[in-house]
Amino acid sequence: MAIDSFIEKEPYPRYQRIWTDLLRGKLKKSFTLEFNKKFDSKQYTDEFYSDNCPRIERNTIKLLKTVGWRNEPYDKQHWGNWLHSLSPYQGRMTPSLAHWLVKIFSKKGDLVLDPFMGVGTVSLEADFLQRRAVGIDLNIYGYMVAKGKFERKPCDYYLNYLTNIEHIDVSKIDITDIPTWIQAYFHHETLKEIVYLNRKLSEENEWFLLGCLMGVLHGNRPGYLSVWTGCIIPMTPRSATHPNYRPDKDKPEYRAVIPRMAAKIMRMYSTGFPLETNAKVLLGDARHLELADNSIDVVICSPPYYNTLDYVGQNRVRLYFCGLNKEKQDNLRQELIQDSKNYLEDMVKVGKELKRVLKDESLIIFVLGDVHRAKYSINTAKEVSNVFQEELGFKELITVNDEIPLNKVVSQSKRKKFDRILVLKNQK
Ligand SMILES: C[S@@+](CC[C@H](N)C(=O)[O-])C[C@H]1O[C@@H](n2cnc3c(N)ncnc32)[C@H](O)[C@@H]1O
């Protein structure tokens, strides 16, 4: 089919225009390609450490208490580089908190480990602050998105890549094997395009573009490829027999993939970033780190806490396109640290590994939330601190209870919510 008739099928003029501009080379011309210059390096300078300044506990604790991430401009909802928003992740750390923790607890050139990296927020801030970042996660979706953030090619490479695909011949794509629960989210032709691109990008190791595809996969606006659903959590679409079926939202309509990916690419590059990076991301288990002894300067992370979030169920549609059917997703759920019963036992296993890879006298910074049950709450940071001190010989330096402003709390409960920032020192 000629590309013009494809463009005509696209229901939204914005994406018709983006597609035509992409094919005519107009996007490349209008979108500044000097993105390196747009990187605001002023935000990424070290105010606290000079290169040869030793780590000073007293000062860092004082700084931690000034809660830089709660002050302007860091308190703004969208503070940070656009690359952080490559694709959403429930439980992601705010970039501003990651920024300040990296800034306070490390210096240029340090090796900063996040053994629960999710989509790589700490690693990306560490990278921008010229640390060497290592991020690890067992969730392949998080790993894939994080990897995309460190695949640094010029923007025009990606726009050219999409232009060269021109249009997708969906006639050869078979979607009959795709489970109905996935089919329910998409128009059948959109789904064929997604399948085609997902396969091509995976075969060609195009991590950044895969991240863009995951980023636009589902949500509640025309920029997403699915019927109306959450952009983080994919609520099940309402079928035509549902009593409250809303045709304008629930009926799948054709949405072209390429112009939506082009829009995503341009958004990602709109704050710019350096092409060089020292960061590494690994798919792996925090209980068995494939890292050398005494190699890490500091650990900064937000571990899972008890079974508060289901990192598999909430990413089920994206995980499907990472190659995990329902059965494999169930297996992953069993592997993740996500079960209340074994939680502290698992964290001790992580602690043993952290002790091995951390340099002597180095610090672990854990950001942990409380667990709220109907009749009681668990202070996870306190429990983790106890086992790390009693069973592994770490020393707690401080726990900062950072109250989350009510307007940033997701739940309806009016109960105060805290991020507890636990600082532990490795004593060998
Ligand atoms: C609170 S999230 C971290 C989010 C991350 N800070 C970010 O900004 O995206 C906790 C992460 O721990 C990961 N996880 C759970 N068990 C793990 C394990 N045994 N090894 C490595 N990662 C694990 C989950 O997949 C999840 O991504």
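Laboratory data are not the source of any read-out in this text; all were calculated from the coordinates shown. These numbers were taken from a predicted model, which means no experiment stands behind them. FYI the Cβ positions are ideal-geometry reconstructions off the backbone, even for glycines, and counts take in every protein chain you see.
Before moving on, here are some points about what is shown:
- Largest first and in whole Å, the equivalent-ellipsoid semi-axes of the range 179-222 read 19, 13, 8, each the square root of five times a Cα gyration tensor eigenvalue.
- Taken along the Cα-to-beta-carbon direction at a fixed 7 Å, the label points for K38 and K341 span 5.1 nm.
- Tail beyond 19 Å, pair distance distribution of the range 317-389 (Cα, percent): 52
- Long-range amide H partners of K280 with built H, under 5 Å: A133, V134, G135
- FRET efficiency, E253 to K28 (Cβ-Cβ, R0 30 Å, nearest 0.05): 0.55
- The range 148-264 - charge dipole about Cα centre, Lys and Arg +1 at Cβ, Asp and Glu -1, debye rounded to 20: 460
- Axis angle, to the nearest 10 degrees, between helix 95-105 and the longest C-alpha principal axis of the chain: 30 degrees.
- Principal-axis tilt of helix 326-335 within the chain, Cα atoms, nearest 10 degrees: 10
- Over the chain, dividing the summed -39,500 (n - 2.57) contributions of all DSSP H runs of at least 4 residues by the number of residues returns a 222 nm mean residue ellipticity of -11000 deg cm²/dmol.
- Lys, Arg +1 and Asp, Glu -1 on Cβ, resulting dipole of the chain about Cα centre, debye, nearest 20: 1080
- Each of W79, G230, T20 was scored by the projection of its Cα onto the charge dipole of the chain, and the greatest displacement toward the positive side belongs to W79; charges sit on the C-beta of Lys, Arg, Asp and Glu.
- Averaging the sequence gap over all C-alpha pairs within less than 8 Å and six or more residues apart, then dividing by the number of residues, gives the chain a relative contact order of 18 percent.
- The distance linking the range 94-155 with the range 170-207 is 30 Å (Cα centroid to Cα centroid, whole angstrom).
- Note on the chain: dipole from Cβ charges, positive end direction compared against P243, F105, N205; the farthest Cα belongs to P243.
- Note on R152 and E390: their simple-model spin labels are 4.6 nm apart, each label 7 Å out from Cα toward Cβ.
- Relative to the compact-globule estimate of 2.2 N^0.38 Å, the Cα radius of gyration of the chain comes out at 1.02.
- When peptides 341-350, 83-92, 128-137 are sorted by average Cβ neighbour count within 10 Å, with the highest value leading, the order is 128-137, 83-92, 341-350.
- The chain - share of DSSP beta bridges that are antiparallel (%, nearest 5): 55
- Each label point was placed 7 Å from the Cα along the Cα-to-Cβ direction; for D169 and S202 their separation is 2.2 nm.
- Computed log₁₀ I(q)/I(0) - Debye formula, equal Cα scatterers, no solvent, the range 193-288, q 0.10, 0.18 Å⁻¹: -0.39, -0.96
- Folded to 0 to 90 degrees: helix 343-357 orientation relative to the chain principal axis, Cα: 80
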